[in-house]
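See below for the structure under consideration.
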Amino acid sequence: MRSGCHEAEEQLTERFKTGEGLGWHEHHHELFVGHERFFPSGLRANLIASWIPALSGVDAKLKSGARVADVAAGLGASTILYGQILLQSPNSSGSTITANPSNGEGRAKDAGVGDRIRFESRQAKNIPARTMIL
């Protein structure tokens, strides 16, 4: 059985020869599934207790109302967590900027945060400067 990271082996070999590189969005879907399985436990353990408090003023902003963009979020596990835990203010919302936005929409709906999180595909350079990025 091959893992998702091995599914791009032929593409990677060819791109290495040509020097073109392989975009994150070009990897096999199973790579993103594995990524989503690996990271949520670390997010749950550290996001609220350590990472958010380490960012000056961010906790208060999230509680009072913020727009959060989660860039390169894969299938949206981290944005769904934000929706469940951090975006408790009715004035807060989240956006997941990802190569494959349809992959996370159903997961967000199933988690009960589909109305708070928007999945979209666009380049990071086109995100408004006033958007809080975590």
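The values are calculated or read from the model by the stated rules, or taken from the named source; none is laboratory data. What you see is a predicted model; the values in this text were computed from it and never measured. Using ideal geometry, Cβ is built from the backbone for each residue, glycine included, and neighbour counts are taken over all protein chains shown.
Give the residue that is nearest to the chain's Cα centre (by Cα), with candidates limited to residues of the range 40-72 that are of a type outside the set (A, V, I, L, M, F, W, C), in the same structural domain as Asn91 (by TED's automatic domain parsing) and under 13 Å from Gly83 (Cα atoms).
Restricting to residues being of a type outside the set (A, V, I, L, M, F, W, C), in the same structural domain as Asn91 (by TED's automatic domain parsing) and under 13 Å from Gly83 (Cα atoms), the top hit is Asp70.
Of the residues that make up the range 112-127, is at least one part of a loop (DSSP other than H, G, I, E, B), over 15 Å from the mean Cα position of the chain (by Cα), closer than 30 Å to Gly4 by Cα and at pLDDT 75 or above? Can you show your working first?
Our first condition is that a residue be part of a loop (DSSP other than H, G, I, E, B); within the range 112-127, this holds for 112-116, 121-123, 127.
Right, trim to over 15 Å from the mean Cα position of the chain (by Cα) and you get 112, 115.
Narrowing the set further to residues that are closer than 30 Å to Gly4 by Cα leaves 112.
Narrowing further to those that are at pLDDT 75 or above: 112.
The answer is yes; a qualifying residue exists.
So which residues in the range 52-79 are more than 22 Å from Asp115 (Cβ to Cβ) and surrounded by 14 or more Cβ atoms within 10 Å (Cβ to Cβ)? Full working, then the answer.
First, the residues of the range 52-79 that are more than 22 Å from Asp115 (Cβ to Cβ): 52-60, 72.
Ile52, Val58, Asp59 - these are the residues of the range 52-79 that are more than 22 Å from Asp115 (Cβ to Cβ) and surrounded by 14 or more Cβ atoms within 10 Å (Cβ to Cβ).
Taking the range 1-25, which residues are assigned to a helix (DSSP H, G or I), exposed (fewer than 14 other Cβ atoms within 10 Å of the Cβ), modelled with pLDDT under 80 and not aromatic (Phe, Trp, Tyr)?
Filtering the range 1-25 for residues assigned to a helix (DSSP H, G or I) gives 4-6, 9-18, 24-25.
With exposed (fewer than 14 other Cβ atoms within 10 Å of the Cβ) added as a condition, the list becomes 6, 9-10, 13-14, 16-18, 24-25.
Now drop any that are not modelled with pLDDT under 80, which leaves 6, 24-25.
Across the range 1-25, the qualifying residues are His6, His25.
For a quick check of your reading: which helices (runs of 4 or more DSSP H) sit entirely within the range 31-89 and have at least 2 residues that are touching a residue at least 60 places away in the same chain (Cβ under 8 Å)? First the steps, then the outcome.
Numbers: elements: 40-46, 58-64, 77-81.
Correct list: 58-64.
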